[in-house]
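Here is the structure we will look at.
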Amino acid sequence: MIGIINYGHGNIGSIENALSKINSKYSVVTNPENLLSYSHLILPGVGSFSKCMDVIQRQGWEKHIKASVSQGKYILGICLGMQLLFDNGEEDGSSKGLGLINGNVKKIIPGKDEALPHVGWNNIINVKENHNLFDNISKNADYYFDHSYECIPLKTNVILSETNYGINNKFVSIVSDRNIYGIQFHPEKSPPNGLFLLKNFINIK
């Protein structure tokens, strides 16, 4: 069963629509204490890193998200939700994240003729092949992005894909560490590949 974490800062409706399209059973979770009832959790995010973490901490989500992950529940962070999985974020001042993946979140430095936010369709590259998250998905699939910050993992072995953008010519677009997954783009706005990816996450056991 899929649990969509609703702490008041996420595109809940669009995620619900996407899960309905792939015939997945889900519930929108509004009480942190109920998270352990679900095998797979989705953490969306819209807004700033610091403000969302403040809400997550005040409402008691942090404790129960970490407890769920420690008991082997799968979690998928989407866009800002991916960034919240990391140790720290610099948006609106330095803030601590959930600390589920070691690393920091920093503002993208755009390259020549690039702008922020990074909005629109873009491909994933340097894909870690043979990972079950990419079943039935082409190697250089494209997805819809909308962000100004990038995740910089401490260890490169958690990187599943990258995307071309910014002064360094690429940023991390998908990460995975044990039962923890993060994707910088919006799969719910990226059919058909985004729907395939959501289905693959849900099928991970």
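Against the list (1) without any contact (Cβ under 8 Å) to a residue 40 or more places away in the chain; (2) small (Gly, Ala, Ser); (3) at negative phi, the condition Ser50 fails is (1).
Just checking, does segment 33-45 include any residue being over 18 Å from the mean Cα position of the chain (by Cα) and at positive phi? Checked against the condition, which is being over 18 Å from the mean Cα position of the chain (by Cα) and at positive phi, segment 33-45 yields no hits at all.
Filter segment 142-178 down to the residues that are without any contact (Cβ under 8 Å) to a residue 40 or more places away in the chain and aliphatic (A, V, I, L, M), then identify the one that is farthest from Gly97 (Cα to Cα). Within segment 142-178, the match that is farthest from Gly97 (Cα to Cα) is Leu160. Checked against (1) over 20 Å from Pro117 (Cα atoms); (2) at pLDDT below 95; (3) not aromatic (Phe, Trp, Tyr), Leu41 passes all but a single condition, namely (2).
Restricting the search to strands (runs of 3 or more DSSP E) fully inside segment 150-205 and requiring at least 3 residues that are more than 24 Å from Lys66 (Cβ to Cβ) gives 159-163.
Among what's in segment 144-202 and is surrounded by fewer than 19 Cβ atoms within 10 Å (Cβ to Cβ) and among the hydroxyl-bearing types (Ser, Thr, Tyr), pick the residue that is farthest from the chain's Cα centre (by Cα). Once the filter is applied, the top-ranked residue is Thr156. Somewhere in segment 3-10, is a residue at pLDDT below 95, more than 19 Å from Asn179 (Cα to Cα), within 14 Å of the chain's Cα centre (by Cα) and not basic (Lys, Arg)? Yes, segment 3-10 contains a residue that is at pLDDT below 95, more than 19 Å from Asn179 (Cα to Cα), within 14 Å of the chain's Cα centre (by Cα) and not basic (Lys, Arg).
Residues in segment 95-143 that are more than 16 Å from the chain's Cα centre (by Cα) and hydroxyl-bearing (Ser, Thr, Tyr) were compared, and the one that is modelled with the lowest pLDDT is Ser138. One residue is enough: does segment 159-168 have a residue meeting the conditions charged (D, E, K, R) and touching a Lys or Arg at 6+ places or on another chain (Cβ under 7 Å)? Within segment 159-168, one or more residues are charged (D, E, K, R) and touching a Lys or Arg at 6+ places or on another chain (Cβ under 7 Å).
Where helices (runs of 4 or more DSSP H) fall wholly inside segment 37-131, the ranges with 3 or more residues that are within 24 Å of Tyr143 (Cβ to Cβ) are 80-84. Residue pairs whose Cβ atoms lie under 6 Å apart, sitting 6 or more positions apart in sequence or on different chains, and linking a residue in segment 179-197 that is under 15 Å from Gly10 (Cα atoms) to a partner that is surrounded by fewer than 19 Cβ atoms within 10 Å (Cβ to Cβ), are Phe185/Tyr144; His186/Tyr144; Glu188/Ser14; Lys189/Tyr144. For segment 115-141, taking the residues that are surrounded by 12 or more Cβ atoms within 10 Å (Cβ to Cβ) and among the polar types (S, T, N, Q), the one that is nearest to Ser176 (Cα to Cα) is identified as Asn126.
The values are calculated or read from the model by the stated rules, or taken from the named source; none is laboratory data. Nothing here was measured: the structure is a model prediction, and the numbers come from that model. Backbone-built Cβ (ideal geometry, glycine too); neighbour counts: all protein chains shown.
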